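The values are calculated or read from the model by the stated rules, or taken from the named source; none is laboratory data. Remember, it's a predicted structure, so these values are computed and weren't measured experimentally. All Cβ positions, even for glycine, are placed from backbone atoms using ideal geometry, and neighbour counts span all protein chains on display. Calculation scope for accessible area: heavy atoms of the full protein, side chains included, ligands and nucleic acids excluded. Shrake-Rupley method; radii C 1.70, N 1.55, O 1.52, S 1.80 Å.
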Amino acid sequence: MASGPASLPVSHMAAMSLLLRAAAALGTRKVLPGAAGRGRVSLLGRNVVSSGVIAPVRHSSDGKRLFAITPTDFYDRRFLNLLKFYILLPGIPIAVFITCVNIFIGEAELAEIPEGYVPEHWEYHKHPITRWIARYLLDPPEKEYEKMLAIVDLEAKKADLRLKELEAHQLMKQRGDGPWYYYETPDKNLIDHSPKATPDN
């Protein structure tokens, strides 16, 4: 039979428990001699704990097991798991693709332009993925330049129209003209007076 606290018989464990309880009772008597002597405080009851005296209590070798009530974290863990899944779902193939491109294709090297050859706009980029994006997904620089010129021309026309409108309003104030310079005056014969002729109907 092995020696040690774990291999003690049941009778020895009960004796150790009684010894601990006796030591706790002895310590309580020293702290509260008057109340314990008169029988007002139970040396092994709840009054000892409420009076501020803590007695050792045996809870086996694993300690006292408590059931702690905590809010659920099921939805937090579910959200994090789904987030990791949907990040890794496209992330792993993209990382493998980029690694293969860098290994088997590699970046472009700078070289002299042959005589009579006009390079395309996407050939000025170094990385093959950037070259593919510039070639098939993005507009060429010439088109971007023309689009910007169109925006500038449109804004210039708007500014010119605003200046003409401001000048027209100033002339209207100076000459006493009304807004009928762009509204046609309706004919009075077109006005329907029948609702006013019979207001009770």
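Annotations
- Taking region 61-86 as the range and being open to solvent by 100 Å² or more (accessible area, probe 1.4 Å) and among the aliphatic types (A, V, I, L, M) as the test, the residues that pass are 66, 69.
One line per residue, one yes/no per condition, for (1) closer than 30 Å to residue 101 by Cα; (2) surrounded by 10 or more Cβ atoms within 10 Å (Cβ to Cβ); (3) touching a residue at least 24 places away in the same chain (Cβ under 8 Å):
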| site | (1), (2), (3) |
| --- | --- |
| 128 | yes, yes, yes |
| 131 | yes, yes, no |
| 140 | yes, yes, no |
| 144 | yes, yes, no |
| 148 | no, yes, no |
| 167 | no, yes, no |
| 171 | no, yes, no |
| 175 | no, no, no |
| 196 | no, no, no |
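Every residue, every condition in (1) modelled with pLDDT of 95 or more; (2) under 30 Å from residue 106 (Cα atoms); (3) in contact with an Asp or Glu (Cβ under 9 Å, 6 or more places away or on another chain); (4) among the aromatic types (Phe, Trp, Tyr), yes or no:
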residue	(1), (2), (3), (4)
118	no, yes, no, no
124	no, yes, no, yes
145	yes, no, no, yes
152	yes, no, no, no
161	yes, no, no, no
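- Hits in region 93-126 - residues which are surrounded by 10 or more Cβ atoms within 10 Å (Cβ to Cβ), hydroxyl-bearing (Ser, Thr, Tyr) and more than 18 Å from residue 143 (Cβ to Cβ): 99
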